[in-house]
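Visitor: One structure is given below, represented as structure tokens, and several questions about it will come after.
The values are calculated or read from the model by the stated rules, or taken from the named source; none is laboratory data. Note that the structure is predicted; figures quoted are calculated from it, not measured. Every residue, glycine as well, gets a Cβ built from its backbone with ideal geometry; the counts of neighbours run over all protein chains shown. Each accessible area value is taken on the protein alone, full model and side chains, heavy atoms only, with ligands, DNA and RNA left out. Shrake-Rupley method; radii C 1.70, N 1.55, O 1.52, S 1.80 Å.
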Amino acid sequence: QPLSKLSPWLDQQTLPLSEVVAALEAQQHRRIIKTHTPLDGLPRADGLTYLCVGRDPRDVSISWAHHWSNMDLDAFMAARAAAVGLDDLAELGPPPAPAPDDPRERFWHWATDATETSTNLANVLHHLAVSWEQRNDPAVHLFHYSDLQADLVGQLRRLADVLHIEVGEDRLVELADAAGFERVKARAEMIAPNATTGFWRSTEEFFHRGTNGQWRELLDDDDLVRYEQRVAELATPDLAAWVHGGWAAFADRAPIASAGPT
């Protein structure tokens, strides 16, 4: 089945809860549930494993802008209205101001916005911080996009260990090949979230470029100084190091990358 059927996105609320629960209860294999709710908003129970995946927030902002432009918002809101109604949206307050058209201005709007219900730098860092603070909990495991790109086989081996799954090296190589960006993009209809709902103008473009450092095309050295100051307001130094460079950067206490060529 498509991944969106196997791993429903509960907090998106675009399907009736009874339908989602019935689909999950029918699964006899080990189940996986996608969520964008931070760890402090999730129920905790024995036997569950919590995986948190981070990415450089500067690339998150660029990815989010593309993601938003690719979304058919009318289709999304119609599905949500049919599933749960829209009355609860009033609790969120007025809708956020439209993001600027200029890419650099849009980035700074995203980085400085303090709205609790928006996707912005503050909320991305909060989401990662609550898992980071519990990284020594045996049930909580953090992965990072840069580590996955640098050594996908090694990270899949680590994931198998986390989930207590025995898998040989040949199989890991095979799985890594299947999980590579180009292979995933080619199978977007099966792998993209909400691939069966019509929420995307282009399901294939849900997977856009998949590279690290796209922000380098946008930000100069002065922007980076300002950005580091903003991050320092929102995150501890160890979290900031991990968020911007993965486990290798955290281990070395590496500074946030400069704007030089990649």
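Visitor: Any chance you could count how many residues in the stretch 244-260 are in a helix (DSSP H, G or I), modelled with pLDDT under 85 and within 19 Å of His126 (Cβ to Cβ)?
Guide: Number satisfying all stated conditions: 1.
Visitor: From the list Val130, Val53, Val60, which one is open to solvent by 80 Å² or more (accessible area, probe 1.4 Å) and modelled with pLDDT of 90 or more?
Guide: Val53
Visitor: Additional query: Just wondering, is there one or more residues in the stretch 149-164 that are within 21 Å of the chain's Cα centre (by Cα), at pLDDT 95 or above and among the acidic types (Asp, Glu)?
Guide: Checking the stretch 149-164: not a single residue is within 21 Å of the chain's Cα centre (by Cα), at pLDDT 95 or above and among the acidic types (Asp, Glu).
Visitor: Checking the structure you have, find out if any residue of the stretch 67-79 is surrounded by 18 or more Cβ atoms within 10 Å (Cβ to Cβ), touching a Lys or Arg at 6+ places or on another chain (Cβ under 9 Å) and under 25 Å from Trp215 (Cβ atoms).
Guide: no
Visitor: Another question, then. Listed residues Asp59, Asp113, Asp102, Asp74; which is over 25 Å from Glu205 (Cα atoms) and not aliphatic (A, V, I, L, M)?
Guide: Result of the check over Asp59, Asp113, Asp102, Asp74: Asp113.
Visitor: Something else: Which of the residues that make up the stretch 107-126 are open to solvent by 60 Å² or more (accessible area, probe 1.4 Å), more than 14 Å from the chain's Cα centre (by Cα) and farther than 13 Å from Tyr227 by Cα?
Guide: Selection gives Ala114, Glu116, Thr117.
Visitor: What single numbered condition from (1) among the aliphatic types (A, V, I, L, M); (2) closer than 30 Å to Asp238 by Cβ; (3) modelled with pLDDT under 95 fails to hold for Ala192?
Guide: Condition not satisfied by Ala192: (2).
Visitor: Using beta carbons and a limit of 6 Å, which pairs, at least six apart or on different chains, have the first residue in the stretch 214-243 and in a helix (DSSP H, G or I) and the second one open to solvent by less than 60 Å² (accessible area, probe 1.4 Å) and not hydrophobic (A, V, I, L, M, F, W, C)?
Guide: If the second residue must be open to solvent by less than 60 Å² (accessible area, probe 1.4 Å) and not hydrophobic (A, V, I, L, M, F, W, C), the pairs left are Gln214/Asp59; Trp215/Arg58; Trp215/Asp59; Val243/Gly54.
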